[in-house]
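Okay, so here's the structure we're looking at.
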Amino acid sequence: MRARAELLKSSLSLDDDIIRSICDKFKRKLLHESFDPTAGRSIDELRVGHWEESLQEAVGGACSPTLAAQCYSLWKRSRLERLSLAPEVRSLLELLRSTYKLLLLTNGEAATQRQKVEAAGCEELFDAIVIGGEHAEQKPSVSIFMWCFHLLQVQAEDCVMVGDSLDTDIQGGFDAGVRATVWISSAAGVVPHDSVKPDYTIPTVLDLPQVLAQLK
């Protein structure tokens with residue numbers, strides 16, 4: 001957020017506390033974002049709107065749509081520039097792909113997610129990449145998992161679902177009938193009592209080979 005802070009400071013002469021409030025408001029709006037591609041508004045327009053609303057809420061009164069657009073442009077560009085796979089994760093994926101078929105399944109608006117995949121440079125590490133926003137249903141819907149099985153020409157019982165979301169990754173894998181689900185949880189790994197229970201919980205994806213060894 002540093003580049004956006006400098007832009008806001010130079011454009012509106014705001015102090016650091018107000019700038020921090022604006023950025024925090026934007027992050028909260030992004031976290032709770034709901035995008036409907038049929039509503040006639042692009043994801044870029046929606047997120048420019050997040051900045052405009054955040055500015056209005058923190059400063060009061062109307063704000064310049066141009067400033068909101070500049071904030072979004074800076075945020076988007078710097079976000080993509082910083083997206084990368086850690087070397088050890090890339091090495092792990094290369095190792096796994098020598099033995100297994102790998103598919104990347106992610107929810108989200110199609111163009112945005114494709115940009116992130118390209119920026120991370122990970123296309124070559126997967127046999128297929130499926131973006132939820134390009135389909136009628138996203139995780140945890142069974143239909144998109146069925147499409148993934150079709151792409152890889154495999155059966156559900158031959159697959160392992162690995163992800164960090166209990167609600168979408170683990171629930172979706174469970175509903176689709178995969179052989180095992182692996183939840184990546186860097187926190188304590190405590191599963192809420194009303195949530196689906198993963199078959200395995202690991203603190204980092206780097207521990208995945210040990211789980212796969214148990215499944216052989």
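The values are calculated or read from the model by the stated rules, or taken from the named source; none is laboratory data. Keep in mind that what you see is a predicted model, and the values were worked out from it rather than measured. Positions of Cβ are backbone-derived with ideal geometry, glycine not excepted, and every protein chain shown enters the neighbour counts. The accessibility values were calculated without ligands, DNA or RNA, using every heavy atom of the protein model including side chains. Shrake-Rupley method; radii C 1.70, N 1.55, O 1.52, S 1.80 Å.
Leaving out same-chain residues fewer than 8 places away, which aspartates and glutamates sit with a Cα under 16 Å from that of Lys101?
Partners within reach: Glu123, Glu124, Asp127, Glu157, Asp158.
Under the definition of Cα pairs under 8 Å and six or more residues apart, what whole-number percent is the relative contact order of region 81-149? Before the final figure, lay out each step's value.
On the way: 72 pairs, mean separation 23.9, N = 69.
Relative contact order here is 35 percent.
How much length, in nm to one decimal, is gained on full extension between Ser10 and Ser34, taken as 0.36 nm per residue of separation minus their Cα-Cα distance? Could the numbers behind the result be given before it?
Details: separation 24, 0.36 × 24 = 8.64 nm, distance 3.13 nm.
Gain on extension, Ser10 to Ser34, equals 5.5 nm.
For labels at Ala69 and Lys116 in the simple 7 Å Cα→Cβ model, what's the distance in nm?
2.5
Distance cut-off 28 Å, Cα to Cα: go down the list Lys25/Lys197; Lys116/Lys216; Lys27/Lys116 and report the pairs above it.
In this structure, Lys25/Lys197; Lys116/Lys216 lie more than 28 Å apart at Cα.
How tilted is helix 43-59 with respect to the longest principal axis of the chain? Cα atoms for both, answer in degrees (0 to 90, nearest 10).
Once rounded, the angle reads 50 degrees.
What is the spin-label model distance, in nm, from Val142 to Val154 if the labels are put 7 Å beyond Cα along the C-beta direction?
It is 2.0 nm.
Short version: ³J(HN,Hα) in whole Hz for each residue of region 173-181, in order, from phi by Karplus 6.51 cos²θ - 1.76 cosθ + 1.60 (θ = phi - 60°), x for Gly and Pro, what are they?
Listing the rounded values in order: x, 4, 5, 7, x, 5, 5, 8, 10 Hz.
How much length would be gained if the chain were fully extended between Arg41 and Arg77, taking 0.36 nm per residue of separation minus their Cα-Cα distance, in nm to one decimal?
10.9 nm
Let's see if you can work this out: charge +1 on each Lys and Arg Cβ, -1 on each Asp and Glu Cβ, no other charges. What is the dipole magnitude of the chain about its Cα centre, in debye to the nearest 20?
400
Assuming R0 = 41 Å, can you tell me the calculated FRET efficiency for the pair Glu53 and Glu123, based on Cβ-Cβ distance, to the nearest 0.05?
For R0 = 41 Å, the calculated efficiency reads 0.75.
How high is the relative contact order of the chain, given as a whole-number percent (alpha carbon pairs under 8 Å, six or more residues apart)?
Relative contact order of the chain: 11 percent.
For region 73-216, build the charge dipole from Cβ charges (+1 Lys, Arg; -1 Asp, Glu) around the Cα centre, then report which of Ser186, Met146, Tyr200 sits farthest towards its positive end.
Ser186
Can you give the FRET efficiency for Ser84 and Ala62, using 1/(1 + (r/R0)^6), R0 = 35 Å, r = Cβ-Cβ distance, to the nearest 0.05?
0.35
Measuring from label point to label point, each 7 Å out along Cα→Cβ, what is the Glu134 to Asp164 span in nm?
2.3
Quick check on region 124-168: take the gyration tensor over C-alpha atoms, sort the square-rooted eigenvalues as a ≥ b ≥ c, and tell me if it's rounded (a/c under 1.5), prolate or oblate. Please report the intermediate quantities before stating the final value.
On the way: a/c = 1.28, a/b = 1.17, b/c = 1.09.
Since a/c stays below 1.5, the shape of region 124-168 is classed as rounded.
Could you rank the peptides 121-129, 44-52 by their average count of other C-beta atoms within 10 Å per residue, with the highest value first?
44-52, 121-129
Which angle from 0 to 90°, rounded to the nearest 10, does the C-alpha axis of helix 142-152 make with the longest principal axis of the chain?
The helix 142-152 is inclined about 60 degrees to the chain.
May I ask for the angle, rounded to the nearest 10°, between helix 87-97 and the longest principal axis of the chain, with both axes built from Cα atoms and the value confined to 0 to 90°?
Roughly 40 degrees, rounded to the nearest 10.
Skip the ligands, DNA and RNA, and give the accessible area per residue of the chain with a 1.4 Å probe, whole Å².
56
Checking the a/c ratio against 1.5 first, then a/b against b/c, what shape does the Cα gyration tensor give for region 69-164?
Note, shape of region 69-164 comes out oblate.
Does region 109-216 come out rounded, prolate or oblate by the C-alpha gyration tensor, with a ≥ b ≥ c the root eigenvalues, rounded set by a/c under 1.5 and, if not, prolate when a/b is larger than b/c and oblate if not?
rounded
Distance between Cα centroids, region 9-66 to region 127-164: provide it in whole Å.
So the separation of the two Cα centres works out to 34 Å.
Calculate what fraction, in whole %, of the accessible area of the chain sits on carbon and sulfur atoms when a 1.4 Å probe is rolled over the protein chains. Spell out each step's value before the answer.
Details: 6180 of 12150 Å².
Accessible surface attributable to carbon and sulfur in the chain totals 51 percent.
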